[in-house]
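Asks: Quick one: the structure is below, and I'll ask about it shortly.
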Amino acid sequence: MHEWTLAEAVIATAQQIAEKEKLREVKEVTIKVGELQQVEKGILQFALSQLKPTNFKNAKFHITRAKTTLKCRVCGNTWLFKKQKLDKDTAEAIHFIPEVAHTYIKCPKCGSPDFEITEGRGIWLESIKGAR
Amino acid sequence: MVDPRTTIINERLKRISRIIAVSSGKGGVGKSIVATTLALTLSRSGYKVGLFDLDFTSPSTHLILGAKDTQPKEDKGIIPPVVHGLAYMSLIYYSHDQAAPLRGIDTSNALIELLAVTQWGELDFLIIDMPPGIGDAVLDLIRLVKRIDFLIVTTPSLLAFETVRKQVALLQSVKVPIIGIVENMKMTNAANVRAETGKLGLKFLAEIPYDAKIEEAIGDETKLLGTVLAKKIRQLIASNAL
Ligand SMILES: Nc1ncnc2c1ncn2[C@@H]1O[C@H](COP(=O)(O)OP(=O)(O)OP(=O)(O)O)[C@@H](O)[C@H]1O
Ligand SMILES: [Mg+2]
Ligand SMILES: [Zn+2]
């Protein structure tokens, strides 16, 4: 499960920030996941809880979803990514490497694969709270 | 907003003793053939080796290797398939060998994602086949991977060597180690690349003749390892120049 590697990355990064901000204990981590990567919230939440280091033992992880906005560079059309429109193999490929969306998705207006993922690509650490 | 992926990259690579990027300022000089043959030869010499195709828009190593019917596994990340003894990774597993039209930011994101999620495990060498030039892939590797050495490929042409000269200047300015320069597709005895390499303070690693048989060896590991190119690479490894 790829959610585990992402969870590991989140913990490592949060730990780094905690050290930089001299937090003795981390209490809250807010994470944003973009629709495009189709991260399973439940698995991510579970992986995070399993990977918690001791200074995170009371930490809560808030995972929020962000819609994926795509914008065509050719005609300017903006649209929302919909997983339901993809077959299983394609959805899985995009789950692992969201950029291969450019292989499978075309602008619904002009057919171009040259679009920008303006929002909601992958996983982001939004904020971290703790006590010094 | 922080991207958590970059923090984990060096953790993922920490059990790899040596990371070598096979690179050139110029396209079409033989990077992919050299990278693939180098990886296979090291593997035949008893090392644990990985091969990573970072040329996302024009991947070739899967064709050189003949990596048919293989697929990465997932287990807390991506486990590269073993192809002719190599741990092998390429974007083609996700683009299903179709066109992946990526701009710079996408290349960079795909590269970060693959570095962050691929579980290479323990390796003696990870050989990276680079896209031509000194664009996103070179800049990202320098930025994100702590220990990386560049092996540079050129042809005898002034047009190739002058791009290499700029690449060398860039790498030297940011203190990234360069193993040396390989001169590929040699058709004469001209010694200018060897001489210029010396002037740059770099090791001249090998000269590989132009060999029409290479085309037949594409996709055929045994034939590939029987070429003069493979022989030169075996000598290079035996000389401990790496
Ligand atoms: N020594 C050689 N003799 C003859 N042909 C060669 C030799 N080395 C490479 N080639 C051929 O030259 C072409 C370019 O090689 P290759 O694809 O490895 O170059 P590259 O530098 O990786 O190109 P790119 O910049 O597109 O990634 C291929 O068709 C390859 O088979
Ligand atoms: Mg190549
Ligand atoms: Zn369009």
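Asks: Those residues that are surrounded by fewer than 21 Cβ atoms within 10 Å (Cβ to Cβ) and either closer than 30 Å to residue A:22 by Cα or within 11 Å of chain B (Cβ to nearest Cβ) (or both), I need them from region A:106-117; list them, please.
Replies: Hits for region A:106-117 are A:106, A:112, A:113, A:114, A:116.
Asks: State all residues of region A:71-103 that are crowded, with 20+ Cβ neighbours inside 10 Å and more than 11 Å from chain B (Cβ to nearest Cβ); if no residue qualifies, say none.
Replies: Within region A:71-103, A:72, A:81 qualify.
Asks: Mind counting the residues in region B:50-94 that are within 16 Å of ligand 2 (Cβ to nearest atom) and hydroxyl-bearing (Ser, Thr, Tyr)?
Replies: Counting residues in region B:50-94 that are within 16 Å of ligand 2 (Cβ to nearest atom) and hydroxyl-bearing (Ser, Thr, Tyr) gives 6.
Asks: Considering only region B:133-186, state which residues are without any contact (Cβ under 8 Å) to a residue 12 or more places away in the chain and closer than 23 Å to residue B:114 by Cβ.
Replies: Of everything in region B:133-186, those that are without any contact (Cβ under 8 Å) to a residue 12 or more places away in the chain and closer than 23 Å to residue B:114 by Cβ turn out to be B:139, B:143.
Asks: Counting only residues that are assigned to a helix (DSSP H, G or I) and either surrounded by fewer than 24 Cβ atoms within 10 Å (Cβ to Cβ) or within 16 Å of ligand 3 (Cβ to nearest atom) (or both), how many does region B:42-55 have?
Replies: Total satisfying the criteria: 2.
Asks: Same structure, new question: Tell me, please, whether a residue that is in contact with a Pro (Cβ under 6 Å, 6 or more places away or on another chain), within 16 Å of ligand 3 (Cβ to nearest atom) and at pLDDT 95 or above can be found in region A:51-71.
Replies: The answer is no; no qualifying residue exists.
Asks: Right, next: Only one residue in A:30, A:5, A:64, A:68 is within 11 Å of chain B (Cβ to nearest Cβ) and touching an Asp or Glu at 6+ places or on another chain (Cβ under 9 Å), so which one is that?
Replies: Answer to the check: A:30.
Asks: In region B:1-20, is there at least one residue being more than 10 Å from ligand 1 (Cβ to nearest atom), at negative phi, away from chain A (no Cβ under 14 Å) and crowded, with 24+ Cβ neighbours inside 10 Å?
Replies: no
Asks: Does at least one position in region B:128-137 carry a residue that is away from ligand 1 (no atom under 16 Å from the Cβ) and either closer than 24 Å to residue B:12 by Cα or not polar (S, T, N, Q) (or both)?
Replies: Looking through region B:128-137, none of the residues is away from ligand 1 (no atom under 16 Å from the Cβ) and either closer than 24 Å to residue B:12 by Cα or not polar (S, T, N, Q) (or both).
Asks: Looking for whichever is more than 26 Å from residue A:99 (Cα to Cα) and either of a type in the set (Ser, Thr, Tyr) or within 16 Å of ligand 1 (Cβ to nearest atom) (or both) here; the options are A:78, A:69, A:54. Which one fits? Before you say what the answer is, go through the steps one by one.
Replies: Values: A:78 fails: more than 26 Å from residue A:99 (Cα to Cα); A:69 fails: more than 26 Å from residue A:99 (Cα to Cα).
Within the list A:78, A:69, A:54, the selection yields A:54.
Asks: Output the residues belonging to region B:212-228 that are surrounded by fewer than 16 Cβ atoms within 10 Å (Cβ to Cβ) and more than 16 Å from ligand 2 (Cβ to nearest atom).
Replies: Correct list: B:212, B:213, B:216, B:220, B:222, B:223, B:226, B:228.
Asks: Next up: When residue B:172 is evaluated against the numbered criteria (1) surrounded by 14 or more Cβ atoms within 10 Å (Cβ to Cβ); (2) closer than 26 Å to residue B:41 by Cα, which criterion, by number, is the only one it fails?
Replies: That leaves (2) as the condition not met.
The values are calculated or read from the model by the stated rules, or taken from the named source; none is laboratory data. Every value quoted in this text rests on a predicted model; they were computed, and no experiment measured them. Virtual Cβ from ideal backbone geometry, glycine too; neighbours counted across all protein chains shown.
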